[in-house]
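A short worksheet on the structure shown next.
Just so it is clear, none of the values below were taken in a lab; they were calculated from the coordinates. On a predicted model such as this, the values are computed, not experimentally measured, just so you know. Glycine gets a Cβ as well: all are built from the backbone with ideal geometry, and neighbour counts include every protein chain shown.
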Amino acid sequence: MEICNLGPDVMDEVREMTGVSMEDAGYGRWNTRCHLGAWIGDTAGGCRNYLDTFANNSQFAMTLSNPNPEDEDGLCTIIIAVLQKNRREMKPQGFENLAIGFSVYKVNEIRGHLDRNFFALNKSCARSSAFINLREVTGRFRLQPGSYIIVPSTFEPGREGEYMLRMYTNVSISSEELG
């Protein structure tokens with residue numbers, strides 16, 4: 001048996017063993033969103049350094065609401081993780097981990113897939129600390145309630161692979177892949 005990553009549901013097991021829940025201890029319940037995706041063909045657009053192809057990457061809309069009233073700054077805590085799938089199984093065939101990362105953009109409203117012009121005029125409000133060839137990259141951020149677009153990507157365009165995007169937060173969250 002192999003365990004790759006724990007999620008916030010592990011706290012349910014802690015409650016079963018100890019009788020103390022996260023809510024009883026003064027912590028809110030964490031919400032999880034998970035999306036599967038792939039960088040294939042045109043959707044392998046590379047990072048923002050490659051402005052002409054960056055908008056071709058899959059984009060995921062996320063809305064954060066109802067910040068924790070105990071947080072005086074009114075911000076929402078979110079953990080974003082991108083994990084590349086099946087690379088270990090492909091290592092004997094010469095496939096190494098890709099250099100991966102993600103960028104987060106604040107938007108006033110979600111109108112659909114963002115284009116090159118948007119990315120040329122707007123900087124990310126959050127991003128992975130580096131594009132690196134690890135199995136998973138993760139970042140913890142404090143964001144204002146509102147709407148955001150997350151763009152997981154490889155560093156270079158044309159690098160193909162599958163990934164899983166996960167978001168963990170203790171506030172209300174909705175998310176969807178944009179077409």
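Counting neighbouring Cβ atoms within 10 Å and putting the fewest first, the residues Cys34, Cys76 line up as Cys34, Cys76. From least to most packed, judged by other beta carbons within 10 angstrom and beginning with the fewest, Trp30, Trp39 follow the order Trp30, Trp39.
Counted over segment 28-172, the DSSP beta bridges are approximately 100% antiparallel. For Asn57, the residues whose amide H sits under 5 Å from its own are Gly45, ignoring neighbours fewer than 5 places away on the same chain, with H placed 1.01 Å from N. Here the relative contact order of segment 28-172, from alpha carbon pairs under 8 Å that lie six or more residues apart, stands at 47 percent.
An ellipsoid equivalent to segment 28-172, defined through the eigenvalues of its Cα gyration tensor, has semi-axes of 27, 19, 11 Å when rounded to whole angstrom and sorted largest first. Remark: relative contact order (segment 101-179) = 43 percent; criterion is Cα-Cα distance under 8 angstrom and separation of 6 or more residues. Applying the Karplus relation 6.51 cos²θ - 1.76 cosθ + 1.60 with θ = phi - 60° to segment 45-58 yields 3J(HN,Hα) values of x, x, 7, 5, 4, 9, 4, 5, 10, 4, 5, 6, 4, 4 Hz, where x marks Gly and Pro.
For the pair segment 65-139 / segment 159-179, the C-alpha centres are spaced 8 Å from each other.
The residues Lys123, Lys106, when put in order of fewest to most other Cβ atoms within 10 Å, stand as Lys123, Lys106. Phi angles across segment 66-71 convert, under the Karplus curve 6.51 cos²θ - 1.76 cosθ + 1.60 with θ = phi - 60°, into 3J(HN,Hα) values of 6, x, 4, x, 6, 7 Hz, Gly and Pro given as x.
Restricting the GluC sites (Glu not before Pro) of segment 140-179 to loop positions (DSSP other than H, G, I, E, B) with no more than 13 neighbouring Cβ atoms within 10 Å leaves Glu160.
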